[in-house]
Each structure stands twice: as structure tokens, then as C-alpha cells.
1. How do SER346, SER855 rank when sorted from fewest to most other Cβ atoms within 10 Å of their own Cβ?
2. Please report LEU244, LEU837 as a ranked list, fewest other C-beta atoms within 10 angstrom at the top and most at the bottom.
3. Label-point separation (nm) for ILE640 and ARG248, each offset 7 Å from Cα along Cα-to-Cβ?
4. Assign one of three labels to segment 1025-1116, namely rounded, prolate or oblate, based on the Cα gyration tensor with a ≥ b ≥ c the square roots of its eigenvalues; rounded applies when a/c is under 1.5, prolate when it is not and a/b is larger than b/c, and oblate otherwise.
5. Compute the Cα gyration tensor for segment 419-559, then decide on rounded, prolate or oblate, letting a ≥ b ≥ c be the square roots of its eigenvalues: rounded whenever a/c is under 1.5, prolate when a/b is larger than b/c in the other cases, and oblate in all that remain.
6. With the cut-off at 1.5 for a/c, could you classify segment 504-552 from its C-alpha gyration tensor as rounded, prolate or oblate?
7. Starting from the alpha-carbon convex hull of segment 903-965, give the projected area averaged over all orientations, in nm².
8. Mean Kyte-Doolittle of at least -1.0 plus a Cα span of 24 Å or more along the axis: flag which DSSP H helices in the chain meet both, please.
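Every number in this text was worked out from the coordinates using simple rules, so none of it is lab data. Here the structure is a predicted model, which means the values were calculated and not measured. Because the Cβ atoms are built from the backbone with ideal geometry, glycine has one as well, and the counts that use them run over all protein chains shown.
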Amino acid sequence: MPPATGVQSTHVTASTTIQGTVDTGWELARCEGLVQLNATGAILKGALESEVPVHAVFAPRRLPFDGFSRVQGREHVQRQLAMHQMRILSIPGPVRCVRLLQRAISVGHNAITLIPNDQLGTIASTLERLVGMASEGFGCGCIILEDNPALAPSACPRLAARRFDVPAIEVASLDELRDAIEQALRFAMVDGSIAMIIAHSMVLRSVQTIQARANRVVDSVDQAAWLHRARLSPRTTAEQIDSLRLARRLELDRTRSLPSPGEIEPVGFILCGPARVTARHVLQRLGLSGRIPLLELRLLNPIDDSIVARFLQRCRDIVILEPRTSSMVSALLAVSEVERRRDPSSNPARLWWQELPPTDAGDQLRLEPSDALNPSILARKLSGLFLKADPSLKVDEHLVRGALDEKSMPIPVRGEGLGQSAAIHRIQDELVSLDAWIREQTFETPTGSTHALFIEGKPVPTGVERIVYTETWDRRRFLAEGAGVFTQVMEDSSPRIVVVCDLGGTDADELVRFCRGVTPPGIADWIGILQVELADGAELSRALRDAATKDMMTVIIARETNPRRLDTTALERSTREIDRLGFSKLQRVIWSADNACELRLPSIVTQADLGLESSPGPLQTVYSSDRISDRVPTMVRFRIRPQLEQVEVLRTQPPEPPMQLNLSRKLPVPRPVHSSSGIWRVHLAGYRGESPGLAAMAMLQAGRFMDYQVMGVHRAIPIGPGRRAWSQVLFTRPRDGEPLPMRPEIPWGEADLLLGMDPIESVRAIGPDPELRVASSDRTSAVINTGLLEDQQELGQELPEILEGPLDQLFAVDGMLVADLAAACRRCFLTDRMLDLVLLGAAFQRGFVPLTTESIEAALASMEQQGFGRCQDAFALGRHFSVEPEMSEPSRIRHDEPTPRLKRRLVLTESLSRRRGSVRSRQMNQLLDSVLSTLEPMAKSSRGRASINDMLICLQRCVVWGGIDLARRYADLVTRIFEVDDQAEAYPLVRGSILPLADALLIRDIYYVSSMQVSLEQTRRTRQRLSVRPGRGDTMDRRFLTRVDLVIGSRRWRLDIRSSDWLPRLAARLSRVIPKSWRGTPAQRQRRTWCIDFFESVISDARSDRDSALARVQRLHELASRTRLRGVSVGELEHLVARAGDEDQSSVDAS
């Protein structure tokens, strides 16, 4: 690939990129040059270019055709549709689409209908009526069928085409899909029926650069387009010819490298669909292009017998490669049998489709479904056949080994706990628990006393008197087929539980109305309907138990309300606002109430960085009662304790990053690592936004600006809220204007770059998933995020073990950046949704992306204009992370605030904190002045100044806890330690005594914690930690959770009260009247007394045995710095201190 910096076409601006790939309307109007289209754009472009007018396109609002509902409202698309008198209708169901096609044909219109593969069976009867319509006076129709063997293995579009005896064309790329629109309509006109286009799901989820042609209707001022269209070769006329003659004119079926008459090659291939491109790619990589005969079939029905028969006579063994291993076999075998009967002396080739021909070594392999679409698997399984064509070929030298063996680790579960399947699995778990519970019960019912559940997929229970039948349905299937359940009740009166998982619906009462509407008259009292919350396991369990004890049919509708965790549609809607703004408007942080009492805090934005107690929703008041033990002696205990503090920040403008970043700083232009390569591939493990994802769209647009031949493919399986599985991008340079014969899917180990947004999906891409395995240690560069994303943290997922260890053996050492970039992204944008562009920026700065700065920035500017916020900021942030990886580490609050300023702030805070605060503030001011004058020699060093600041804060906390007297006592102990300390070593005894002494004096009871929660100092620190700026429109709301426990004997009653600040303020006021000797537990008061006596002994022993005293003080300082001192008993403290003194004495003796 030529160096990216040398391309002249990359000097584009953001204004020109509005006509890029994101806006399909501009691409549809192009009459020449290269355009970049997805499947939706290719179908519309083919309809607009077709000489046969297309009046309507009927598309269901379902994958993979849901893109039509998004583009039909765009202004430029509407303009092109109006010029061509065409309309797009997005219909909820495919059956309705076929009926609208039938209506359009009956009035003489030409129309296109799109059908997903899993709905092929539902349209069969409607399609039979449509096929029987006469062509004279009628329009023609085209049906585009998805072929998805993994989703619908028993519904084959090729067999359906032969069953209905309609012409069928199968495409292998979006370019062919565009051309097939007009071809299929002409077949429909000739055949007097409809025609089908079969497109594999891999084709429908890809993006490709194709050569544009002029539309059927051009603007009156667009003379160039009219002249360009006039120069095209004449199209097929509407003369009365049969389908085969039309196919031969269009040259749909082609042979390659066919031997001369009389010559017989040992092996040949018949190729269908995407397998045509895969096989040609494999042959090109192995240097066998032009040496093995190929027959590429595009017209699957009717079969062109002449070209197939001619091919059968020129080969000894023929392997049929298609997406489904046996869908075309019967038609091809029929041709072979006809040839055998016509000329008994002929010897047609043997056909192989599942079993491969035996190799010279006697090995015989088997083709599995979809093997023909994976070039890595296909090359390995056909290597023995390739040796028949070229005995000197060394296949292993052309194959790339993956970074990991497929048995090296288990494949992580994709999308666990998400979507309809996760909801059904949760319901089935509840049914299994219900079965275990009901078998243990002995209650009497009219039909028996022993009970059991019949669960779908489980054996029928035996030896019980009463069986409760259970059924589990999803919403869509229940609305289509659930009426039969109510009809069955008329004949079978067995008790029954029907659980309907209501996900994806917008009308909460639709299922209830449906159930009441289909209930037969006279049995309404025998059918009960309940609505429960799916996320509330206790409510669902109670509803199931109640239903199991009734001799009737109970319909339980389990649905989700806010917050939604399983409904992927609702989760995607919730993330669109974040993608539009580029930051999260609402930031919710939940931390422990004790954090208000900490002396030193890190500057942290999210609860994940603190390891805090958190939940996806706000705090709530909760009541519970339980039995703590059966052997607890009779006692009464009452306790009130602050538990959690919740802070919600609502922002109207992007937050200021907590790290001091200068994103406008000019960075050096990277030199592309792959500048000399002709092919460049990237795999994105996890993406956000509409397929193929924002990062992939940015690269596709930028690559098009640089005149690359770009292709992309994606797998849109949900793996998180608004996050899909993976996407891949391919850059090539066309040779003589012809694209290279390759698909965008990355063969094993041939990825040049791996961008790992989702850590679990990154592990899949590295090795264990046979569909991927894209990385190799000698070729692949990687930028991988090793931090869990927000939804993964809420679900309690763990980081894969391989990402916790060194990755040098998996990737090139100089081409790897592995860090927790998700946490860094959350600190800057308050969300990890921008992580994909941050990774792209980091990879670009390291030279892993062969694009120029101008092209990628223009693509990002275009995406921002399309409604995705802060794309350029995220990209710039990634570039800075690549230059300075330490910036991904969390920053901390700086403790170098000038001491005079800190003193003035503490005094002012005290004067504003309470009534008559001026008297207390004057006393505090005098005390601080006295301490500063005494400790002035410590201010000569940075460590000393930090310790002085810590002491000033401790003195202010002492005033809050116990008034000015406690502060004076604390100051007296510290100044006495200062007097016996050594100035030459920067006063280590004083620096080690400040924190542990304050931690012991400040007992964290309800009064102190509450006082600190409502203090002005805590409000200021919260605003600083969360970067709250009222001047930018930020608002902050705080809520507190207080736990009340009442224990009587072995029973405990617990109430968690969510409140505003009235409860902490009440406790803070009570602290003024509660005697200080009553505060704290006996253990806390004993620890405080011990610490005071300990530092008194340090003062007395410092002159005689200073080293031992310093070692003991340092041990306490370490405990206080890690906030562990208040959790250690007095006995443990004595043991730790004694051991520290002994270790110091041993080191002295050894020296």
C-alpha cells in the first residue's frame, strides 16, 4: 500500500465530508466515480439505476433490513425518490410486505420486497398466490431473500426458489446486489412471474466501495450524467425471450480456466454465492489462479444445463462450494444424470459436496456448514486437492498461524445476561426452583396432594397425582401463535402456567388486551392474567408459586420497567443521547459515608475507580427482617449508622477533564507502519452506534478520501448497552481499476491492527473463536483496553486471565499498547462510550493506521455534523495517551496548597459553619497561628510543608469533633513531639505522628460522620472531585442512606432510610449536647487512650532510643495512610509496635 502521506486527494475539509458515506442520499445521486454503500444503499442505488422503473420498496423493520426505516426520512433520499416516483414503506411484518407487493403488481407497478431468512416459512402461502398471477397487464416483482444458515438452518432460499419455480439470482457482493435489481426485474418480466435475489447475511452486513452509474432520471441541468448514461452499452430489450437466453445475454454464469475440449483436469469447483469470492481469494493467495477450473453460478433457478454439462465433461472430480452444503446438489446431480443417459459412453465428473475427494495420501475430509465462506478453513481443508493441480505447492508456507491455539482457553460467552435469551433463561431458572419447591409441599388440592411441574425440555414427571404444565414464550411469538393456547383450554383443563417474556414492546398493556381478546367466551373466570416485574426475583417467584397452587391457567406477563437491563432496544435508546452529546448529562456517584471523614482523597470521577458500593439506579428506602442466629442469647440492641452518600450531577455542557490536558497541542505526525503494504486490515473488538460502528465509519470515510478501495463487515450481536460484537475494515488498491477478489472478513492471523474496546470480545478475536482468530504474533499490532466497561462492572464480570498477564508473545512488541483506557475515558467524558475513538487515536499516533491527519479529522468532523458529539476530542485524547501512557493513570488531589491560603480557608469555613462561629473561628485562628510559628522550621522542605497542611486539616477536624479543647490537646502532643525530633532528618517523628494520632482521636461515630457529611468542606471537596462548575450550568444533588438496626433476641429488623440532609443535620446538632465520654464504642475509646499513651511514651523515649521510637511511629503511620488503623484492636497494635521495635533493634545489632 502506498504511503498514506503521499496521497494528494486527502486535502478535504469538513464541509465536503457531508457527502460522505454516512449520508446515503448524496451517494444515491452520484452518476460516476466511487461511492461507498452498505446493503441499504446498494439496494436503493440499484432501484434508481434500473431501466425497469421501480415504484415501491417494502422493507420489514427487522434485521438485516431495518436500515430502510432510518434512511427513508432523509431529505436527499426523499428528493431522489420523488424524482423517480418511488416510495419506501417500512412495515412491521414480512407477511404484510408480500401482500403489499401483490397489491402493487396487480395495479401494474413494479416493486421490491425484502424478507429475512427466519420469516421465509411464514410467507409461503402468500407467496404461492403471488407466483400464480399472470404477467399481462400486471407489474413485476422482486423479492430479496436473506440467506442466514446459522439463524434459519431449515429454511433454504434456494430450495424455495425451485419449489415455487421462479428465477433466482444469488449475489456475492454489494456491487452484484446493485446490478441484480434490474436483472431480477427483467427476469420477472420475461418469466411472467416474480424473481428472487438471494443475498447471504455476510453480504447484507457489509460496506463496499463500488463504481457509480447514472440514475434512470437525472436533473435537467446534469448534462454530464445524461451523456454518461447515453454512452453505456445497450441494455437488454423487452423482446420475448426465455430466462436462459436472458441469463446468457447478461453473462450471469461464468467459467474460469476451463480446459480445452478433450482435456480433463483432476479437480474443479462449482461456486455459488459468497463462496465464489472466497475460493478465488484462496486460489490467488496460493498462486493457483488460472490453473484450476471454476464454474461460478449466479442464476440458481433455472439451471443453465449446457454450461454445467460442459463443465462436467472437463473435470474428473468437482467440489460444490456454497453457503449451505447441499442446497444445489439435487439440481446439479440431475444435469449429470441427464448427460449420462444422453451419452452412455461419456464420463461426467463425480460431484462432492459434504465429503471431499480423497487425497493421494488417502485422507478424506468433510465440509461443515459455512466452511466455504472462511478462507482459512477452506485453504486447509482443500490443501490435498490443490496438490493434485500443483504437486510442488507448499500450502503451509502461505498460511498464517494465529496468536493462540483454539484449545488454549475457553471461549467467553457473548452477550451473557442480555436480550431475550437471557430473560428466558432467568424465567426457566425460576421454574426449576418452583419445581423443587412444589415437590416438597403436601397441601391438598381438588386434583391431588403430590405435585410436580412439567417444564419444556425436561422429562415428564412420574409418580405424582397433579402435574402443572408450564410454557415459556417471547413477546413476538406469543402475539403470532399464542391464541392456540387459549383454544386448548376448552379441551384440556389441566392446570397450566404460561409465562410471556415481554421485552421490546412499547405498549405495556398490549399483551393483556391480546389475552382477553382471544379468551373463548365462558371460561374467562378460569384464566388469570398477572403482570410482574422481571427484575424482581421475589415478585416473580411469588407469582409462580401462587399460580402453581391453583387449578386454572395463569398467564404471567414478565416485563421490564426502569431501569432496564435486558431489553436491548431500550438500552440502545438510552445510549443515543450520550453519543449525541459526547458526554453523560447525569453523573451518579455512590460512595461510603465514611469518605467524608478521610483526610486525603484521590480525585475520582466514577464509582468504579473507587471500588465503591454502586447500583445502576438511585438509592432507595428498603425494609427487611431476618433471623441472624438461633442461639443468640436474649438481648436488645439498637443502632443508627450513616451508610452511603449519593451525589448526582446534572450537566448542560461537556465537563472539564480532571487531568490537565492541552488537546490543542501539536503532536508529531506519525509515519505509517504499513506504508509499503498493498492490503491493510483492522479488527474492532466491540463497537458502538449504528453498524459498522463509529470508529469503523471514520476509517471507511477517511479511506475513501484517500482513494482506497474500502470494504467493511460487521457482526451486530448485542454484547452490552448500545454495543455490538465486532466490525472489520479492509483497505486495498485496485489493480487496473478491478477490485481484488477478496472478502472483507479477515483470515486467520492476517489482521494488521486489533482495536480492543471490549476486553472480553478482544479475547475472542485473539484466538479461541474459530470465526475470528485474527491476530498473529509477527504481524498484528494491538491497542487493547484492559479495563471493564460500566455494564460489565455492574454485572460483576471478571477480566479474562490472558489480559492480566504479559501479552508480548501475542503481538509485535513494538506494536502494542495495552492499558485501562476505559477508566481514563470515564475520567474525561464521564462515560466510556467514547472509548472506540480514543483507541483509534492512540493507534493512529503510533502509526498503525495508514491515514493522513487531514483525512481522519475531516471524517470525524463529518460524523460530528451527523449527530455524534466530541468525536475529535476523543480522537485527540487517544493520540495524547499514545504519547504519554502515564496519562491513563488516575490523578490525585494535589496537597501542595499554600499554607496561608489553607489556613484562611479553614478559618472562614469554621466561621460560616454554625451560629456564633466568629468566636470559635477566632480561637481556631489563634491556635493555628501558634502551631505554624512552632512548626515553622518544617516548612523548609516539601515533605514538611505537606505535613503542616495535614496537621491544619486535622486541627479543623478536631474542632468539629470535640471543640477547641480537643484541638488544643492534639496540637500540644504534636508540638511536644516536634521538640524532641531531629531537624537534620526533616522531623520524621512529627511527620509520622500527625495522621495516626488524628485517626485515633477522631472516633467515627454517627455524630462526627454526620457533621462531616453536611460540612462546607465536604461540599467543596465533592465539587472538586467531580469537577462541578455552577458557572457552566452544573447542578449537584446529594442524598444520604442511613441504616437503622433493631435486634431483639435472634430477630433483626433493618431499615435503610434514603433522605436529604435533614437526618445528618439532626445528628450533627445532637453532637453538641451528647457528652463526649459517651461517644464511640468501648473499643474505639480504648484505642484512643492507647494511642495517646503511646505518643506520650514516644516523647519520653525519643532522646534515649530514637531509632526504636521512629520505627514504631512509622508502623502506625503506614496503617493510618492505608486507613486500617481504626480497624485494628489494641492487642494487635501492641503486637505490631513491639515487633517494629524488635526489628529495628535486630538491624542495629546486625550492623
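1. Starting with the residue having the fewest Cβ neighbours, the order is SER346, SER855.
2. Ascending number of Cβ neighbours within 10 Å: LEU244, LEU837.
3. Each label point is offset 7 Å from its Cα along the Cβ direction, giving 9.7 nm.
4. Numbers: a/c = 2.80, a/b = 1.52, b/c = 1.84.
Oblate, because a/c is 1.5 or more while a/b does not exceed b/c.
5. Cα axes put segment 419-559 in the oblate bin.
6. oblate
7. Seen from a random direction, the Cα hull of segment 903-965 projects 4.1 nm² on average.
8. Details: long enough: 174-191 (25 Å, 0.01); 419-440 (33 Å, -0.25); 917-934 (25 Å, -0.31); 942-979 (30 Å, 0.19); 1082-1101 (28 Å, -0.64); 1130-1150 (30 Å, -0.43).
Going by DSSP H runs, the hits are 174-191, 419-440, 917-934, 942-979, 1082-1101, 1130-1150.
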